[in-house]
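The values are calculated or read from the model by the stated rules, or taken from the named source; none is laboratory data. Not measured: the values here are computed from a predicted model. As a convention, Cβ positions derive from the backbone with ideal geometry for all residues, glycine included, and neighbour counts pool all protein chains shown. Please note that ligands, DNA and RNA were not included when accessible areas were found on the heavy atoms of the full protein model with its side chains. Shrake-Rupley method; radii C 1.70, N 1.55, O 1.52, S 1.80 Å.
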Amino acid sequence: MGKFCEICEKGTLNGNNVSHSNRKTHRIWAPNVQSVRVMVNGNAKRMNVCTRCLRSGNVMRALPKTQEEA
């Protein structure tokens with residue numbers, strides 16, 4: 001499930017492209033979803049999160065692993 005935010009549950013929307021001659025073809029609008037490591041209950045977990053949630057601070061990003069931890 002690539003185009004779905006697991007925090008705010010934002011997903012794809014569908015509609016039509018409408019040309020100048022008023023012909024209609026189907027299209028979708030997809031949110032900008034990034035796969036990031038976030039902290040969930042003290043553990044790092046990879047989740048699909050939209051950039052609006054990242055920018056507004058709805059999630060706490062996990063720090064990348066260092067050589068000492070691995």
Which residue, of 59, 18, 33, 40, is among the β-branched types (Val, Ile, Thr) and under 13 Å from residue 2 (Cα atoms)? 33
Of the residues in segment 1-26 that are out of contact with any helix residue (DSSP H, G or I) (no Cβ under 6 Å at 6 or more places or on another chain) and of a type in the set (A, V, I, L, M), the one that is surrounded by the fewest Cβ atoms within 10 Å (Cβ to Cβ) is 1
State all residues of segment 27-70 that are open to solvent by 60 Å² or more (accessible area, probe 1.4 Å) and touching a helix residue (DSSP H, G or I) at 6+ places or on another chain (Cβ under 9 Å); if no residue qualifies, say none. 32, 34, 58, 61
